1. If Thr212 meets every condition in (1) buried (at least 18 other Cβ atoms within 10 Å of the Cβ); (2) within 20 Å of Thr105 (Cα to Cα) apart from one, which number is that one?
2. From the set of residues in the stretch 132-144 that are of a type in the set (S, T, N, Q) and over 26 Å from the mean Cα position of the chain (by Cα), which is surrounded by the most Cβ atoms within 10 Å (Cβ to Cβ)?
3. If you scan the stretch 123-138, which residues turn out to be of a type outside the set (A, V, I, L, M), within 29 Å of Thr169 (Cβ to Cβ) and modelled with pLDDT of 95 or more?
4. Please find, among Thr129, Thr105, the residue that is over 27 Å from the mean Cα position of the chain (by Cα), in a helix (DSSP H, G or I) and not small (Gly, Ala, Ser).
5. Limited to the stretch 261-291, what total is found for residues that are closer than 16 Å to Arg36 by Cβ and touching a residue at least 60 places away in the same chain (Cβ under 8 Å)?
6. Take the residues in the stretch 237-256 that are out of contact with any strand residue (DSSP E or B) (no Cβ under 7 Å at 6 or more places or on another chain) and surrounded by 19 or more Cβ atoms within 10 Å (Cβ to Cβ), then tell me which one is nearest to Leu81 (Cα to Cα).
7. Within the stretch 275-313, restricting attention to residues that are crowded, with 22+ Cβ neighbours inside 10 Å and more than 22 Å from the chain's Cα centre (by Cα), which residue is modelled with the lowest pLDDT?
8. Does the stretch 150-186 hold any residues that are surrounded by fewer than 17 Cβ atoms within 10 Å (Cβ to Cβ) and of a type in the set (Val, Ile, Thr), and which are they?
Amino acid sequence: MKILVTPTSIRKAQNSDLIARLESICDEIVYNPHTRPLRADELPDLLTGCEGYVAGLDFVTAEVIRACPELKVISRYGTGLDRVDLAAAKDAGILVTNTPGANSTAVAELAMGLILSLARRIPSLDRSTRSGGWVHSNGLEISGGTLGIVGLGAIGKKLATMAHGFGMTVLAYDPYGDPEYATRHDLALVQFDKLLAESHVISLHLPLTDSTRHMIGSEQFHLMKDSVLLVNTSRGGLIDETAAIAAIRAGAVGGIGLDAFEEEPPAAHHELFAFDNVVVTPHTGAHTTEATRRMAEMAIDNLIDGLTSGSPSSLSSV
């Protein structure tokens, strides 16, 4: 049996026991030859003859799936499935799994870090101080403010708990939100437009689908407070970056924190990079020692279970 493993962090020394588990069930493991997610045109050659595939943020299109008739299981190392053509996988009889909840603490902590970085202008003040400046710049206190969480899944719930610790009021928009959960945890489930209009900070935590693509565009920016801080640690396509650039230029938002971009990696001279009130990170929300270990364990468990019994614990559905 042959297996493709593309997330580069799985090969760290801390996961040697997990790699050994994979080696015990297969004859060959193929690894990602690059240090980035793979494009669709790069995958068929690497997947040739593979029955199992531990996938990072690779673009697993219908064409890739049709080119790999021996593939039986795609085990996503992470939660998002927007880069896997689930319908094509289902038609081909391929099991697709993911690792829900494994990185929720890590992503929520990065979201809070971006919020604090924007509120207190930490990155720009760091750059100024290192270059000899001694700027006294007024930031914002998040205590007493309102956090709007879009998507109340595992990550959104973690962030809500953190925000309460900072003395924030929490609003949430989620069409599938649980009112009883919200009441128990001092959250207010509200309509999307109300959240946009009343929040001092907005954080996005939901998958990229046809219905969520560009859910933050020009119209939504106009509804927000001029001083709003907007953070996205989910998928870049949730925000229309052209509209975001226009909003920043017009002073219509206080700052934007991005861990995800419409195109990844973004261009080196992306227009958003020119603004001091934009803080960016390289889609690193899930990358803590603890989270990558949990994701690796779940992804490899799912792959082995899928290949041996056909019953992985985190089976996706279309």
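The values are calculated or read from the model by the stated rules, or taken from the named source; none is laboratory data. All values reported here derive from a predicted model rather than from experimental measurement. Cβ coordinates were reconstructed from backbone atoms using ideal geometry, including for glycine residues, and neighbour counts include every protein chain displayed.
1. (2)
2. Result: Ser137.
3. Result: Pro123, Ser124.
4. Result of the check over Thr129, Thr105: Thr129.
5. Qualifying residue count, the stretch 261-291: 7.
6. Per the criteria, the residue is Gly237.
7. Pro312
8. Thr161, Thr183 - these are the residues of the stretch 150-186 that are surrounded by fewer than 17 Cβ atoms within 10 Å (Cβ to Cβ) and of a type in the set (Val, Ile, Thr).
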